[in-house]
Protein chains: 2
Amino acid sequence: MAQTRVLQPADNAYQYPLLIKRLLMSGPRYNPDQQIVDSNRGSYSYRELVERIHRLANALTEAGVQAGDTVAVMDWDTPRYLECFFAVPMIGAVLHTVNVRLSPDQIVYTMNHAEDDVVLVHDDFLPIIEGVKSDIETVKTWIQLTDNDQPGQTSLDTAGEYEALLAGADDHFDFPDFDENSVATTFYTTGTTGNPKGVYFSHRQLVLHTLAISGAVAAFDEMPLLRSSSVYMPLTPMFHVHAWGVPYAATMLGVKQIYPGRYEPELLVELIREHGVTFSHCVPTVMQLILATEGVKSADLSNWHVLIGGSALTRGLCKAGAEHGVRMYTGYGMSETCPLLSTTHLKPEDLELPPEQQIGQRVKTGIAVPMVELEIVDPDGQPVPHDGEAKGEVVARAPWLTENYFKQPDKGEELWQGGWLHTGDVASMEPDNTLTIKDRIKDVIKTGGEWLSSLDLENLISQHPAVAATAVVGVPDEKWGERPYALITLKPDENIGEDDIREHLQGFVDRGDINKWAIPEQMRFVEDIPKTSVGKINKKLIRDQIND
Amino acid sequence: MAQTRVLQPADNAYQYPLLIKRLLMSGPRYNPDQQIVDSNRGSYSYRELVERIHRLANALTEAGVQAGDTVAVMDWDTPRYLECFFAVPMIGAVLHTVNVRLSPDQIVYTMNHAEDDVVLVHDDFLPIIEGVKSDIETVKTWIQLTDNDQPGQTSLDTAGEYEALLAGADDHFDFPDFDENSVATTFYTTGTTGNPKGVYFSHRQLVLHTLAISGAVAAFDEMPLLRSSSVYMPLTPMFHVHAWGVPYAATMLGVKQIYPGRYEPELLVELIREHGVTFSHCVPTVMQLILATEGVKSADLSNWHVLIGGSALTRGLCKAGAEHGVRMYTGYGMSETCPLLSTTHLKPEDLELPPEQQIGQRVKTGIAVPMVELEIVDPDGQPVPHDGEAKGEVVARAPWLTENYFKQPDKGEELWQGGWLHTGDVASMEPDNTLTIKDRIKDVIKTGGEWLSSLDLENLISQHPAVAATAVVGVPDEKWGERPYALITLKPDENIGEDDIREHLQGFVDRGDINKWAIPEQMRFVEDIPKTSVGKINKKLIRDQIND
């Protein structure tokens, strides 16, 4: 270790810990009258946001919450949730954002595993909790959330309803300083096998992630995601990696925020129109639902910029959005990475191209954002060439990666290898540092000694004008090891067959884009592609169904 | 202290220290062919910047530099200096940016006080060093910097010339990780009394300052200072608070950078035109010199945004710039604060006003930037009302304030009081959180029991169309305690008298802007206003001259 001149963390005030409460200072200071909109309950100002966060801190404290406790939330996307994003960690407690799409058994598992002390639960989820209550081990207090004038009936013995508790609480809380490495949030990843695994992030990590995404990324002319004039509406759930951390950044900058509650596609389009939303982020599935609405046909979406993540942005989806004026960018990250690692990077020369020709750049995984290191490595952990062809596992270093899986230190040894977080994604990297995710390591189709990317194949199939969505998995094959198998859903009123798909793919073979052996012999037309609780294609389930 | 759940800084890699080397990753990754221009020596790419930083690290190591050593630089504003901004702290050494405008005695004082081990010195400063060499105590190695093909002759025994050393050095250096609280930079403040005082900043502090200024500030539509399409040219010297830290931010974002060498006003205008500079920062004096050039008359400066700091931006200067299309903003900070604390904040409704009517907002000290707390306090440290009238001393908290004055812990007790850094500035704050600096505490004119701001008075006098510059100080008065005294320089070919100034000020009295007793009885028309080495008005010297 180099013998540098090190400042000792002294008692004096120059030590200024990176705490989430610091993120709440500037937005209300820049723009106290800026609005935060609840699609169910009207809107209020940043000034009121601050006051409500103070009231919530007092209400939680009165409900027995202490620093170090865990407070869970089961809610739709609401300003209430935003208030919890701040108030819970600001009193030193840990915010557990419960994935409400998990099965009741899995929800119980995560609550017990996280050792939740207090749970804030929306009327809509009361039946779930009432059904599993006897299995819940650590929760001492329930607080009810409602969107109606009267809270729903419940057999739970609650400490009261959220709005009533806030109304009765003092409007000033003296938020303490503490160690910036204190855990602020936790939530559970939704793997397709085994129990969900808990990741967790410290105040320091969330502050640094916020500074980086609000700042360094915002500075790029070609991707005006968060500016003072932006109108922001999250479309990845707030329980999922803090809605990608964007609510923290939007609040720090004093940006107008729209919270849609439940994701009802026609309502979402109406909110985008009514409030002139300029920036959202979502998984491809949500975008597909929005583009399939009636409302979208008459909406002007040419100011709407959308960061797509969770699954790959396909050319087909990017093109379909562009026809409505929607500008999409790829964001890459995962629950373990807080999440942002990379984004689309459009160079000035790309922006001069017509929208159609920009798609090639937009669907790439992009370039690592400031403060992030990405590398692609072979199974021995050695970097593979950045030639746009060689594939390797994506590994990352950054100041905002989870330390481990909560109470599963053995899993951490797989996650962290050789000083890098291993993502489980396979990618190539171009000489200009642009990453393109090719597949999950476990979804790569190993056929005839080659690695065939299931995502590449999905991309090509999705470009057929009759195709609405597709999923490709590898299935065992005696001769080749594995062969690709395609599930396909067609657009309404379309009626094509396997030969049309093969002919479509043959076109790419003829142009040299893929090899002949990439064309699947087997495919099936289906009504729906199986998805996980967060909207990703559930390839494990598809493989299991095919193998059965 | 709240009992939060604290992550232990473990050996594992999730701990990612905030080191200056992290700031060098993304710019070259986004834009390896982006140019960095040396007005004397042509340009090179970000790719070459990285290579040269590696070579410099090897050259310094070969010259004996170790982690913990101090490396001083005496240079004009050049890409070489930018290379030192990175390479010196990246090897764990401390970069001392020598204020070359100090007297030779003061330069020796700072070199001895900082305990410089190695000094990189430009030809132009060799005579200074040669003249005081026998007084320099700790320097073991000199490295010569030159802008000519042949280095200047010197009696110093140098280790060689910079370019020759780089050419002979290996192009790969394995930059180590170390504690983010390691000191990265140091420099000396230029007070008007006593010896210069050393401030110092850690890697962590500089990384956080960079993220905040490149990020949160860049996100504001109304102040497009650093965007991917920006062209940046510093106009506050690189020895002065790292050119306000902007070169770090510009490099992180991959922005085109222009280094002007010496500040020759006609050359500066030519560089702005030639390269289409969009963003600079400077003290008012430099802007005055630029606006007084011949070249400016035919230049289109309507894309040039300039952050003004160091001294107050006067209405007169802001207006003079606006006539050439220059958009100026106020930035507030000081050597002790790394420096940024606040900037002009133009609200959407301000931007709809004609340029003339925006001046009122632009000359205000602005609103604290994200992660910064500003307060105004009375002599007991209690906050005074935010009513736009009450005056108090500005105090600050932020993650990038100097811990102390180097080797002068007693001075630190004055700097840090009650957990806040005391700036020595007097300001009022409006209900919307906008700060307006009224004066330095020691420059406030205490007349008849009231505090009269010398800056307010300068602002009003400067609005007379014949006035080029002015300085107002308090002079002792038997009856009133103190009375204002104005020094005034006139524009070329102007010829007005004291009565014209008083008549001009009477207009403000009639409109209720100031009290009758604010009009100075005493004034003097002069050729030049005395300035400090960094271009600030030297009020101490003025008072001393008047009192003599």
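The values are calculated or read from the model by the stated rules, or taken from the named source; none is laboratory data. All of these numbers come straight from a predicted model, not from anything done at the bench. Counting neighbours? That spans all protein chains shown, and the Cβs are built from the backbone with ideal geometry, glycine included. Accessible surface is based on the protein model in full, side chains and every heavy atom, while ligands, DNA and RNA are left aside. Shrake-Rupley method; radii C 1.70, N 1.55, O 1.52, S 1.80 Å.
Pairs needed: first member in segment A:146-174, farther than 20 Å from A:Asn40 by Cβ and open to solvent by less than 100 Å² (accessible area, probe 1.4 Å); second member anywhere, modelled with pLDDT of 95 or more and part of a loop (DSSP other than H, G, I, E, B); C-beta distance under 7 Å; at least 6 residues apart or different chains.
Within 7 Å, the pairs are A:Ala159/A:Ala63.
Can you go through A:Tyr44, A:Tyr16, A:Tyr81 and tell me which one is away from chain B (no Cβ under 14 Å) and surrounded by fewer than 23 Cβ atoms within 10 Å (Cβ to Cβ)?
None of the others qualify; the one that does is A:Tyr44.
Determine if segment B:329-344 includes at least one residue that is modelled with pLDDT of 95 or more, open to solvent by 40 Å² or more (accessible area, probe 1.4 Å) and within 12 Å of chain A (Cβ to nearest Cβ).
no
Would you be able to say whether some residue in segment A:213-228 is at pLDDT 95 or above, within 14 Å of another protein chain (Cβ to nearest Cβ) and open to solvent by 10 Å² or more (accessible area, probe 1.4 Å)?
no
Hey, among B:Gly245, B:Gly198, B:Gly261, which residue is closer than 28 Å to B:His122 by Cα, buried (at least 24 other Cβ atoms within 10 Å of the Cβ) and either under 19 Å from the mean Cα position of the chain (by Cα) or away from chain A (no Cβ under 14 Å) (or both)?
Exactly one residue qualifies, and that residue is B:Gly245.
Any idea which residue in segment A:355-375 is most open to solvent (accessible area, probe 1.4 Å), counting only those that are more than 14 Å from chain B (Cβ to nearest Cβ) and among the aliphatic types (A, V, I, L, M)?
Result: A:Val363.
Just for segment B:345-354: of the residues that are within 26 Å of the chain's Cα centre (by Cα) and within 9 Å of chain A (Cβ to nearest Cβ), which one is nearest to B:Ala398 (Cα to Cα)?
That would be B:His345.
For segment A:396-495, which strands (runs of 3 or more DSSP E) that fit wholly inside it have 2 or more residues that are within 14 Å of chain B (Cβ to nearest Cβ)?
The strands (runs of 3 or more DSSP E) meeting that bar are A:420-429.
So A:Gly388 fits all but one of (1) surrounded by 15 or more Cβ atoms within 10 Å (Cβ to Cβ); (2) outside any helix (DSSP H, G or I); what number is the exception?
(1)
Check A:Ser280 against each of (1) under 24 Å from A:Arg362 (Cβ atoms); (2) away from chain B (no Cβ under 14 Å); (3) outside any strand (DSSP E or B) and name the one condition it does not meet.
Here A:Ser280 meets the rest and fails (3).
Would you point out the residue of segment A:284-306, among those that are polar (S, T, N, Q) and open to solvent by less than 50 Å² (accessible area, probe 1.4 Å), that is modelled with the highest pLDDT?
A:Thr293
From the list B:Pro89, B:Pro104, exactly one residue is farther than 20 Å from B:Glu161 by Cβ and within 13 Å of another protein chain (Cβ to nearest Cβ). Which is it?
One residue alone meets the criteria, B:Pro89.
Results for (1) at positive phi; (2) within 27 Å of the chain's Cα centre (by Cα), shown as yes or no for each residue.
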residue	(1), (2)
B:Ala427	no, yes
B:Asn433	yes, yes
B:Lys442	no, yes
B:Trp451	no, no
B:Leu460	no, yes
B:Ala466	no, no
B:Val472	no, yes
B:Asp500	no, no
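Which residue pairs have Cβ atoms under 9 Å apart, sit 6 or more places apart or on different chains, and have a first residue in segment A:324-344 that is within 21 Å of A:Phe220 (Cα to Cα) and a second that is among the basic types (Lys, Arg) and assigned to a helix (DSSP H, G or I)?
Pairs that qualify, where the first residue is within 21 Å of A:Phe220 (Cα to Cα) and the partner is among the basic types (Lys, Arg) and assigned to a helix (DSSP H, G or I), are A:Arg327/A:Arg362; A:Met328/A:Arg362; A:Tyr329/A:Arg362; A:Thr330/A:Arg362; A:Thr344/A:Arg362.
Restricting the search to segment A:377-395, which residues are within 14 Å of chain B (Cβ to nearest Cβ) and under 20 Å from B:Pro32 (Cβ atoms)?
Within segment A:377-395, A:His386 is the sole residue that qualifies.
Since B:His345 meets every condition but one in (1) touching a Phe, Trp or Tyr at 6+ places or on another chain (Cβ under 7 Å); (2) in a strand (DSSP E or B), which condition does it not meet?
Result: B:His345 fails condition (2) only.
Only one residue in B:Val73, B:Val50, B:Val94 is in contact with a helix residue (DSSP H, G or I) (Cβ under 6 Å, 6 or more places away or on another chain), within 14 Å of another protein chain (Cβ to nearest Cβ) and buried (at least 17 other Cβ atoms within 10 Å of the Cβ). Which one?
Being in contact with a helix residue (DSSP H, G or I) (Cβ under 6 Å, 6 or more places away or on another chain), within 14 Å of another protein chain (Cβ to nearest Cβ) and buried (at least 17 other Cβ atoms within 10 Å of the Cβ) holds for just one of B:Val73, B:Val50, B:Val94, which is B:Val50.
Can you list residue pairs whose Cβ atoms sit under 9 Å apart, with the first residue in segment A:307-322 being buried (at least 24 other Cβ atoms within 10 Å of the Cβ) and the second being assigned to a helix (DSSP H, G or I) and among the aromatic types (Phe, Trp, Tyr)? Count only pairs 6 or more apart in sequence or on different chains.
Listed by first residue and then by second, the contacts come to A:Leu307/A:Trp244; A:Gly309/A:Trp244.
Can you pull out every residue in segment B:516-548 that is in contact (Cβ under 8 Å) with a residue 60 or more places away in the chain and outside any helix (DSSP H, G or I)?
Those that are in contact (Cβ under 8 Å) with a residue 60 or more places away in the chain and outside any helix (DSSP H, G or I): B:Pro520, B:Ile529, B:Lys531, B:Thr532, B:Ser533, B:Val534, B:Gly535, B:Lys536, B:Ile537, B:Asn538.
Could you go through segment B:287-310 and let me know if any residue there is in contact with a helix residue (DSSP H, G or I) (Cβ under 7 Å, 6 or more places away or on another chain), polar (S, T, N, Q), farther than 13 Å from B:Ile272 by Cα and part of a helix (DSSP H, G or I).
Yes, that holds for at least one residue.
For segment B:147-178, which positions are under 28 Å from B:Gly198 (Cβ atoms) and within 27 Å of the chain's Cα centre (by Cα)?
The answer is B:Tyr162, and nothing else.
Of the residues that make up segment B:108-116, is at least one within 20 Å of the chain's Cα centre (by Cα), surrounded by fewer than 22 Cβ atoms within 10 Å (Cβ to Cβ) and either part of a loop (DSSP other than H, G, I, E, B) or among the aromatic types (Phe, Trp, Tyr) (or both)?
No: segment B:108-116 contains no residue that is within 20 Å of the chain's Cα centre (by Cα), surrounded by fewer than 22 Cβ atoms within 10 Å (Cβ to Cβ) and either part of a loop (DSSP other than H, G, I, E, B) or among the aromatic types (Phe, Trp, Tyr) (or both).
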